Amino acid sequence: MLLRIEDIDQSRCRPEFETAIYEDLTWLGLTWPTPVRRQSEHFDEYAAALTQLDDARLLYPCFCTRAEIRAEIARSPSAPHGPDGPIYPGTCRHLSDADVAARKARGAPFALRLDCAKGLRRVDTHLFFDDATHGRIAADPTKFGDVVLARKDVPTSYHLAVVVDDHLQGITCVTRGEDLLEASHIHRLLQHLLSLPTPHYAHHRLIDDASGRRLAKRNQAATLSDLRAQGLTPDDIIARLPPLP
């Protein structure tokens, strides 16, 4: 087992959160090789992947603010929706090189988006991935539209960082919650475009509370440290977990 600290958003990630992860997992009896890979220490490797995609002309700068995107979607009641909500309508996809250069010269902030349709035209085979629960799944990256792969304040995205990390760490099986199953569709396209191997996946079902609601911080769900303070043992916790396939 490898442990990875996914801390690309430095505004939300704090040392005490990382310490709590180590303490909780150690208490459960888990061990892992050290040093642990921290994504915040590898922005240069994600930048190299971005450059590879940019050189292939698969990225474009998006100058839209979140408010502008919401307004554009509101004007189109039939706008397609994906796993994360309405899909970006591609407002900046067709900006001319001159317009892009002028906006950059003015210092306009922008994100880098993957041109999904153009990326799919580079695919000469059927994309799929294998999941321990769901079997072989045909990848449909269009579910997410033109996803953001980097922003000015966060120079990579979850999608890009984990694809690069999985390759560099030699990951053969990605085990994560079923809430990230849909993300694997865009990950499969990125793996193809970056000529990276595709690991197997095991998306496990999420742990619910007594009412069937997913355990989440926003709902003040009990943490492992809370349960430990209540006197539960690691065996008690493991007994509550859904079995892996």
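The values are calculated or read from the model by the stated rules, or taken from the named source; none is laboratory data. Remember, predicted model here, so these are calculated numbers, not experimental data. Ideal geometry is used to build each Cβ from the backbone, glycine not excepted, and the neighbour counts take in all protein chains shown.
Below, the figures for the structure above:
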quantity	calculated
Close pairs (9 angstrom Cβ cut-off, 6 or more residues apart or separate chains): outside any helix (DSSP H, G or I) in region 162-175, hydroxyl-bearing (Ser, Thr, Tyr) anywhere	173/201; 174/184; 174/201; 175/201
Pairs, first closer than 20 Å to residue 148 by Cβ in region 180-205, second part of a loop (DSSP other than H, G, I, E, B) and polar (S, T, N, Q), C-beta under 6 Å, six or more apart	191/198
Output for region 44-85, where each listed residue is assigned to a helix (DSSP H, G or I), of a type in the set (Gly, Ala, Ser) and either assigned by TED's automatic domain parsing to the domain that holds residue 26 or under 26 Å from residue 181 (Cβ atoms) (or both)	49
Residue match in region 73-86 (condition: of a type in the set (D, E, K, R) and in contact with a strand residue (DSSP E or B) (Cβ under 8 Å, 6 or more places away or on another chain))	no
Verdict on residue 146 being in a loop (DSSP other than H, G, I, E, B), farther than 15 Å from residue 194 by Cβ and acidic (Asp, Glu)	yes
Flag if residue 224 is of a type outside the set (Val, Ile, Thr), closer than 24 Å to residue 166 by Cα and either at pLDDT below 75 or touching a helix residue (DSSP H, G or I) at 6+ places or on another chain (Cβ under 8 Å) (or both)	no
Count - residues of region 1-43 that are assigned to a loop (DSSP other than H, G, I, E, B) and aromatic (Phe, Trp, Tyr)	1
Residue 186 being part of a loop (DSSP other than H, G, I, E, B), of a type in the set (A, V, I, L, M) and at pLDDT 85 or above	no
Odd one out for residue 27, checked against (1) free of Cβ contacts under 8 Å to residues at least 40 places away in the same chain; (2) more than 22 Å from residue 185 (Cα to Cα)	(1)
Region 65-111, residues that are under 22 Å from the mean Cα position of the chain (by Cα), among the hydrophobic types (A, V, I, L, M, F, W, C) and closer than 14 Å to residue 147 by Cβ	69, 87, 111
